[in-house]
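Notes for the one structure printed next.
The values are calculated or read from the model by the stated rules, or taken from the named source; none is laboratory data. Because the structure is predicted, anything quoted here is derived from the model rather than measured. Using ideal geometry, Cβ is built from the backbone for each residue, glycine included, and neighbour counts are taken over all protein chains shown.
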Amino acid sequence: MLIVQKFGGTSVGDLERIQNVANRVSETKKAGNDVVVVVSAMSGETNKLVAYAEHFSKNPARGEVDMLLSSGERVTASLLAIALSEMGFPAVSMSGRKAGIVTDNVHTKARIEEIDPTAMNKAIKEGKIIVVAGFQGVSQDGNVTTLGRGGSDLSAVAIAGAIKADLCEIYTDVSGIFTTDPRIEPKAKKLNEISYDEMLELASLGAKVLQNRSVELAKKLNVNLVTRTSFTNEEGTLITKEENIMEKPLVSGIALDKNQARVSLVGVKDRPGIASDIFTKLSNNSVNIDMIVQNVGHDGKANMDFTVPKGDLNDAKSVVESFVKESEVDAVSYDEDICKVSIVGVGMKSHTGVAAKAFATMAAENININMISTSEIKISMIIAEKYAELAARALHNAYELDK
Ligand code: ADP
Ligand code: ASP
Ligand code: MG
């Protein structure tokens with residue numbers, strides 16, 4: 001088999017753990033497989049590099065940030081290749097560029113445009129283990145780019161697609177995908193399998209165990225994706241097509257996203273085109289909008305609330321305040337102490353009462369719901385951040401996910 005194995009930050013967190021990864025990779029090779037390894041930076045390393053840049057500037061050039069951040073993954077890639085070679089397993093590390101990962105030029109959140117697998121295929125043919133530095137690529141004009149936080153997952157899936165690997169294993173610090181973050185609810189249960197669509201919702205709604213774009217790509221390329229731990233031999237969770245899944249629970253999981261902020265616009269002029277004007281301007285300033293709620297207008301004015309990732313709040317502020325200046329909006333307020341708690345499950349498509357139960361659960365805990373949004377397979381609620389863990393545990397219990 002041709003297998004891609006990705007090891008996250010904790011799995012390569014120190015030299016001993018890198019040796020542990022080398023042992024595991026060598027076992028896979030010894031069993032007769034070809035292996036392409038993708039590594040993250042040592043845990044904490046990327047945050048440390050971000051802080052270094054911020055020491056000098058609040059707003060460093062994003063191209064420089066990419067040069068800096070991409071270095072973390074190169075350290076682990078080369079160390080792992082050295083460790084493997086020393087054990088008698090010929091190995092070669094590759095930067096994103098060498099691995100042929102070509103991206104657009106949107107620094108710090110670049111998208112992969114294509115992968116030229118020539119160098120990887122050549123090394124595989126020579127019997128070498130390849131260790132690719134995750135999270136990075138190169139733009140058409142030759143600049144180093146990074147793929148957004150958690151982007152090594154995306155590197156692994158994209159490479160698995162490009163070299164037509166039989167399997168893509170994501171090794172992390174938990175033994176698979178759980179019904180909710182096991183650090184929040186110790187009673188969370190590991191799932192044997194989950195559909196791409198449910199995993200995509202969970203990842204997009206805050207479960208950082210897989211980067212959401214990696215799941216999207218795995219679905220598109222039909223990559224066999226497994227999440228498991230690098231610390232034991234326990235079997236992980238298979239992420240696959242919905243039709244391959246035997247038992248379809250009503251609710252598969254609960255996700256929590258604390259990286260949310262709310263913008264509330266009071267007295268928005270109720271005229272055709274105002275929403276378009278506001279949201280086009282936000283989008284032109286790369287502000288990511290999530291939930292939007294607008295109430296029915298009165299006396300020619302309406303209220304409008306929306307949420308953004310915390311990191312986009314400053315950009316959002318400068319946009320909406322220009323509307324206050326132009327008298328299109330009476331007042332604005334912001335709330336960073338919120339979170340989004342979500343319930344995900346394909347079973348919702350064919351069952352009623354799932355949302356009612358969520359609201360009843362919040363009511364029983366005396367938690368006020370600020371905003372609600374639903375889709376075919378998810379229900380999301382915005383609540384005060386201080387209730388985040390309580391809400392997640394209460395919902396986990398209400399849908400009997402620990403059973
Ligand atoms: P890595 O460094 O290996 O990429 P991450 O820290 O990005 O690992 O992701 C693993 C973490 O995701 C776990 O430690 C866990 O706390 C968190 N997590 C959140 N939701 C879930 C979930 N539903 N199932 C498993 N882990 C989850
Ligand atoms: N090191 C990067 C991060 O911390 C990428 C990754 O680990 O996937 O976001
Ligand atoms: Mg990760």
Checklist (1) surrounded by fewer than 21 Cβ atoms within 10 Å (Cβ to Cβ); (2) under 25 Å from the mean Cα position of the chain (by Cα); (3) assigned to a helix (DSSP H, G or I) applied to Ala119, failing item: (2)
Unique residue being without any contact (Cβ under 8 Å) to a residue 12 or more places away in the chain, out of contact with any Phe, Trp or Tyr (no Cβ under 7 Å at 6 or more places or on another chain) and not in a helix (DSSP H, G or I) when the list is Val296, Val324: Val296
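Return the residues of segment 1-36 that are more than 16 Å from ligand 3 (Cβ to nearest atom) and either aliphatic (A, V, I, L, M) or within 20 Å of the chain's Cα centre (by Cα) (or both); say none if nothing qualifies. Reasoning before the result, please.
Let us first name the residues in segment 1-36 that are more than 16 Å from ligand 3 (Cβ to nearest atom), namely 1-3, 14-16, 18-20, 22-36.
Of everything in segment 1-36, those that are more than 16 Å from ligand 3 (Cβ to nearest atom) and either aliphatic (A, V, I, L, M) or within 20 Å of the chain's Cα centre (by Cα) (or both) turn out to be Met1, Leu2, Ile3, Leu15, Ile18, Ala22, Val25, Ala31, Val35, Val36.
Only one residue in Thr145, Thr108, Thr118 is away from ligand 1 (no atom under 16 Å from the Cβ) and at pLDDT below 95, so which one is that?
Values: Thr145 fails: at pLDDT below 95; Thr118 fails: at pLDDT below 95.
Of Thr145, Thr108, Thr118, the one residue that is away from ligand 1 (no atom under 16 Å from the Cβ) and at pLDDT below 95 is Thr108.
Please pick out the residue among Ser57, Ser155, Ser71, Ser139 that is over 18 Å from the mean Cα position of the chain (by Cα) and within 12 Å of ligand 2 (Cβ to nearest atom).
Details: Ser57 fails: within 12 Å of ligand 2 (Cβ to nearest atom); Ser155 fails: over 18 Å from the mean Cα position of the chain (by Cα); Ser139 fails: within 12 Å of ligand 2 (Cβ to nearest atom).
The unique qualifying residue is Ser71.
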Some residue of segment 190-203 being within 16 Å of ligand 2 (Cβ to nearest atom), under 17 Å from the mean Cα position of the chain (by Cα) and either surrounded by 18 or more Cβ atoms within 10 Å (Cβ to Cβ) or part of a loop (DSSP other than H, G, I, E, B) (or both): yes
Members of segment 37-87 that are more than 14 Å from ligand 3 (Cβ to nearest atom), over 21 Å from Glu169 (Cβ atoms) and not in a helix (DSSP H, G or I): Ser57, Lys58, Asn59, Pro60, Ala61
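Within segment 140-150, is there a residue that is among the aliphatic types (A, V, I, L, M), within 11 Å of ligand 3 (Cβ to nearest atom) and touching a helix residue (DSSP H, G or I) at 6+ places or on another chain (Cβ under 7 Å)?
Residues of segment 140-150 among the aliphatic types (A, V, I, L, M): 144, 147.
Filter once more, keeping what is within 11 Å of ligand 3 (Cβ to nearest atom): none.
Among the residues of segment 140-150, not one is among the aliphatic types (A, V, I, L, M), within 11 Å of ligand 3 (Cβ to nearest atom) and touching a helix residue (DSSP H, G or I) at 6+ places or on another chain (Cβ under 7 Å), which makes the answer no.
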Selected residue (only one of Ala316, Ala355, Ala394, Ala360 is over 24 Å from Glu185 (Cα atoms), assigned to a helix (DSSP H, G or I) and of a type in the set (A, V, I, L, M)): Ala316
Pair list, Cβ < 6 Å and 6+ apart or interchain, from segment 269-288 residues that are closer than 17 Å to Ala331 by Cα to residues that are surrounded by 14 or more Cβ atoms within 10 Å (Cβ to Cβ) and among the polar types (S, T, N, Q): none
Checking Thr352 against (1) more than 20 Å from Gly206 (Cβ to Cβ); (2) crowded, with 16+ Cβ neighbours inside 10 Å, the condition it does not meet: (2)
